[in-house]
1. Would a scan of region B:88-100 turn up a residue that is at pLDDT below 95 and within 15 Å of the ligand (Cβ to nearest atom)?
2. Has region B:149-167 got any residue that is free of Cβ contacts under 8 Å to residues at least 24 places away in the same chain and either within 16 Å of the ligand (Cβ to nearest atom) or not polar (S, T, N, Q) (or both)?
3. Being in contact (Cβ under 8 Å) with a residue 24 or more places away in the chain, more than 15 Å from the ligand (Cβ to nearest atom) and among the aliphatic types (A, V, I, L, M) is the requirement here; does B:VAL39 meet it?
4. Inside region A:67-91, can you point out the residues that are in a loop (DSSP other than H, G, I, E, B) and facing chain B (nearest Cβ under 7 Å)?
5. Please specify each residue of region B:44-62 satisfying the condition of being closer than 28 Å to B:VAL102 by Cα, within 14 Å of the ligand (Cβ to nearest atom) and surrounded by 19 or more Cβ atoms within 10 Å (Cβ to Cβ).
6. If you take the residues of region B:321-364 that are of a type in the set (Lys, Arg) and not in a loop (DSSP other than H, G, I, E, B), which of them is farthest from the chain's Cα centre (by Cα)?
7. Tell me, which residue of region B:44-59 that is closer than 23 Å to B:ALA119 by Cα and part of a loop (DSSP other than H, G, I, E, B) is farthest from the other protein chains (Cβ to nearest Cβ)?
8. Does region B:63-73 contain at least one residue that is hydrophobic (A, V, I, L, M, F, W, C), within 16 Å of the ligand (Cβ to nearest atom), part of a loop (DSSP other than H, G, I, E, B) and touching a residue at least 60 places away in the same chain (Cβ under 8 Å)?
Amino acid sequence: MTDGPARITRDEVAHVARLARLHLTDAELELFTGQLAVILDHAADVATLDLEGVAPTAHAMAVTNVLRSDTPRPGLDRDEVLAAAPDVEDHRFRVPKLLGEAP
Amino acid sequence: MTDGWHLVIGLEVHCELRTETKLFCGCRNMFGDEPNTNVCPVCLGLPGSLPVLNQRAVELAMAIGTALHCDIRPSTFHRKNYFYPDQAKDYQISQYDEPINVDGWLELPDGFRVRIERAHMEEDTGKTTHAGASGRIHGADYSLVDYNRSGVPLVEIVSAPDLRDAAQARAYATELRAILVASGASDGKMEEGSMRVDANVSVRRSPDAPFGTRCEIKNLNSVRSLGRAIEYEAERQITLLEAGEAVEQQTRHWDETAGRTETLRSKEEAYDYRYFREPDLVPVVPDPEWKAAVADTLGLMPAQRRARLTELLGQGTDAVDGRRDQVATVVDLGLDDLVVEAAAAGVPVTLALARTANEAATDAEAARRLDLGAYVALLTMEAAGSLSATQSKAVLGELLAAGGGDPAVIARAKGFEAMSTDSLTATVAEAVAAEPDAWARYRDGEDKLAQVFVGRVMKATRGQANGKAVVAELQRLRG
Ligand SMILES: [Zn+2]
């Protein structure tokens, strides 16, 4: 653990929660700010190590080029897929009106 | 309007790759299928599903990198997080800080080189339709989503801000499309959305001044729209600056019907995508052998294809200069093999080029599927004078509609017979008799007046006569 300035502020947690569409109560914000700070502190411990010459790890497994052949496989039955949708029209998912264009 | 101002343009081009299946699942990559028939747990973002990368998509991305002279590098995937129903899992998998292709260039037909910053892989999103009176977002009551396109492999090609006017931007988009088609990576159909262009536009007072504030224009569905939108946007920015106002960094939407750009969102509303490494995918690391194998499959690029036709036309600059547009057209449409094959079979290159650029090009898709042997046979008949130009075009129309066939059989069915020599001689004589003044001048050496008689003969025969045979007969009469 380190004693420096806070790793993450309550405002930052609120911002990230909003981006993730999570509605947090004040008590939850308080709780998660503390918990996230502990996690960041733990990650910061790595920075105290001498990592000169160590390549960044891309993945927990040292594996590359995991590929599949470009061969079609049957997907899901449309009726089955649309049966799981809250609302359907013209064989499409019907969603509430959108505010703004796609990002 | 743009006097005293200089434009700076960079283009971002998304192209859908011509694979059988999607980027991370085995669903078919097929435009125009019934909605939501090519979907599975992966591309619907259902819990527990895992992406597996399509080897063919990687190889087509490498082919694009090779064609654009890029450095092909080890690359990784990230999640780009945002909430919008065009993708079901609330993030798009894209390459971020380690793209597969970097630092390339594209040479325009006039020799100008545009730097390519990167060409990376990502997945396409589903298609949303806004329901309601307007058909557009504003005023829509709700939206409908089809996920067939969700997960279709894309490569996004980002140019440096090296382009300086609308014409150059159009030339870049046209050449890039030809390269994508020639490399087999994409069908380049802007009208079907398989190639989509966004333009970053800014203006400045001098070519040495720092770049001005730029706006990004979206929804450019044709090369023509691209040019119009850039011109409109540059004028809009210049008007603001000349009035002493500032250009705000924005994303803007091109309205083709209204002919103007409109604000989509400002920089303040820019998304915070929280990119992070996609934990379900491992890095792609192409070794030299793999890169070489991909490079070997790459066909001739458009510049090489144009050079090949120019060479066939011969060294005479007149022959080449007057036909530059025809050469560009057949190469852009991927029809140059028709010309090369016909020329190899002995058809005059100028005839093969003209029929391909003027007639076959009107239905390029059918022409690309056309049986080469039938096309060569038809042009051979025309070159030999057994069919007039008009007849040959009519037979070609049938060949294109049917995808092939025997041109001789089609010609007979249409009642096209080469005019008998006697009948041609008589018709030419009638034309000469009808135009005594023109005949006198033609006899005195005004060769261009031959057109008067050819026109009369064509009219009399409803285009069935062979123009070359008519001229030969006129020359015989002139003695
Ligand atoms: Zn799928």
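1. yes
2. Within region B:149-167, none of the residues are free of Cβ contacts under 8 Å to residues at least 24 places away in the same chain and either within 16 Å of the ligand (Cβ to nearest atom) or not polar (S, T, N, Q) (or both).
3. no
4. To start, the set of residues in region A:67-91 that are in a loop (DSSP other than H, G, I, E, B) comprises A:69-77, A:84-87, A:90-91.
Selection gives A:SER69, A:ASP70, A:THR71, A:PRO72, A:ARG73, A:GLY75, A:LEU76, A:ASP90, A:HIS91.
5. Result: B:PRO51, B:LEU53, B:ASN54, B:ALA57.
6. The extreme case among them is B:ARG355.
7. By that ranking, first place goes to B:PRO51.
8. Looking for residues that are hydrophobic (A, V, I, L, M, F, W, C), within 16 Å of the ligand (Cβ to nearest atom), part of a loop (DSSP other than H, G, I, E, B) and touching a residue at least 60 places away in the same chain (Cβ under 8 Å), one finds none in region B:63-73, hence no.
The values are calculated or read from the model by the stated rules, or taken from the named source; none is laboratory data. Quantities reported herein were computed from a predicted structural model and do not represent experimental measurements. Please note: Cβ atoms are built from the backbone with ideal geometry, for glycine as well, and neighbour counts cover all protein chains shown. Surface areas here come from the heavy atoms of the whole protein model, side chains and all, with no ligands, DNA or RNA. Shrake-Rupley method; radii C 1.70, N 1.55, O 1.52, S 1.80 Å.
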